[in-house]
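Engineer: So that we are looking at the same thing, I have put the structure below in structure tokens.
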Amino acid sequence: MSEYPLYSAAEFRRRALNQSGGPVELAWRDHGDHALNPHTTSHVEGLKLRDAAVLVPVVDDGDDANVIFTLRTSTLRKHSGQIAFPGGAIDPEDTSPEMAAVREAGEEIGLADVFIEPVARLPFYLAATGFRITPILAVVKPGFELALNPTEVEDAFEVPLSFLMDPGHHVTDSMVWQGIERHFYRMPYGPRMIWGITAGIVRTLYERLYS
């Protein structure tokens, strides 16, 4: 039994360091929308994928932490207008996925690295758009100020961790993409719709830490 409130940043940290579901390097097939689409696993594995990283920033806001999301601008070449975590491709000068995710958070939303504590990784998310994404779980100290890069980010907002970790808010849906029916998660939050890669990562977070 933990001494911390269930959805606090401290409990999130504890659970992130003690994940269930097997080693993160091997477990990607078993979680999120990968588990919903086993028929596409071989196709995605066969793609030439570029390594990327995203930051899952959990703000230490007391008993109910909040998670920072971004709304990507409509002019971006990939995933335009979608809700996302801060992140992007891992550059040659990045020494780790953690470094890439923290750097991207600074470039996209002005979240200074002094506020960010990387804690753990989730399993890869293999995106059919050409990326092998490493989600970096992080605790963010309060007191930060954001400065959005308008060429990449239209808006940034927070969602309570308790809302995201409630499986009643995880809706499954499907669509036909490139002639194949793909199943995915979506999570309506007020006027916002979290779906696609981002919802898949949130679902994996739930399955690994809170289910």
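Where a number appears in this text, it was derived from the coordinates with a stated rule and is not lab data. What you see is a predicted model; the values in this text were computed from it and never measured. Note: ideal-geometry Cβ built from the backbone for every residue, glycine included; neighbour counts use all protein chains shown.
Engineer: By count of other Cβ within 10 Å, fewest leading, how are 4, 210, 185 ordered?
Structural biologist: 4, 210, 185
Engineer: Round to a whole angstrom and tell me the spacing of the C-alpha centers of region 11-62 and region 169-197.
Structural biologist: Computed from Cα coordinates, the inter-centre distance equals 17 Å.
Engineer: Most fluctuating residue of 144, 131, 184 in a GNM of the chain with Cα springs under 10 Å: which is it?
Structural biologist: In this elastic network of the chain, the residue with the biggest mean-square fluctuation among 144, 131, 184 is 144.
Engineer: May I ask you to work out the translational diffusion coefficient for the chain at 4 °C, viscosity 1.567 mPa s, via Stokes-Einstein with Rh from the Kirkwood sum over Cα pairs, reported in whole µm²/s? Mind dumping the intermediate values first?
Structural biologist: Details: Rh = 17.3 Å.
In µm²/s, the coefficient is 75.
Engineer: Using the Kirkwood radius over C-alpha pairs as Rh, can you work out the diffusion coefficient of region 141-197 via Stokes-Einstein at 10 °C, viscosity 1.306 mPa s, in µm² per second? Intermediate results must be reported in sequence, preceding the final value.
Structural biologist: Numbers: Rh = 14.1 Å.
Estimated via Stokes-Einstein, D reaches 113 µm²/s.
Engineer: Give the percent of DSSP beta bridges with both residues in region 1-160 that are antiparallel, rounded to the nearest 5.
Structural biologist: In region 1-160, DSSP labels about 70 percent of beta bridges as antiparallel.
Engineer: Work out which trypsin sites (Lys or Arg not before Pro) in the chain are exposed loop sites (DSSP not H, G, I, E or B, at most 12 other Cβ within 10 Å) and give the longest gap free of them.
Structural biologist: 79-211
Engineer: Give, to the nearest whole percent, the P(r) tail of region 1-72 beyond 22 angstrom, counting all Cα pairs. Kindly include the intermediate steps, with their values, before the conclusion.
Structural biologist: Values: 1137 of 2556 pairs.
Taking all Cα-Cα pairs of region 1-72, the fraction more than 22 Å apart is 44 percent.
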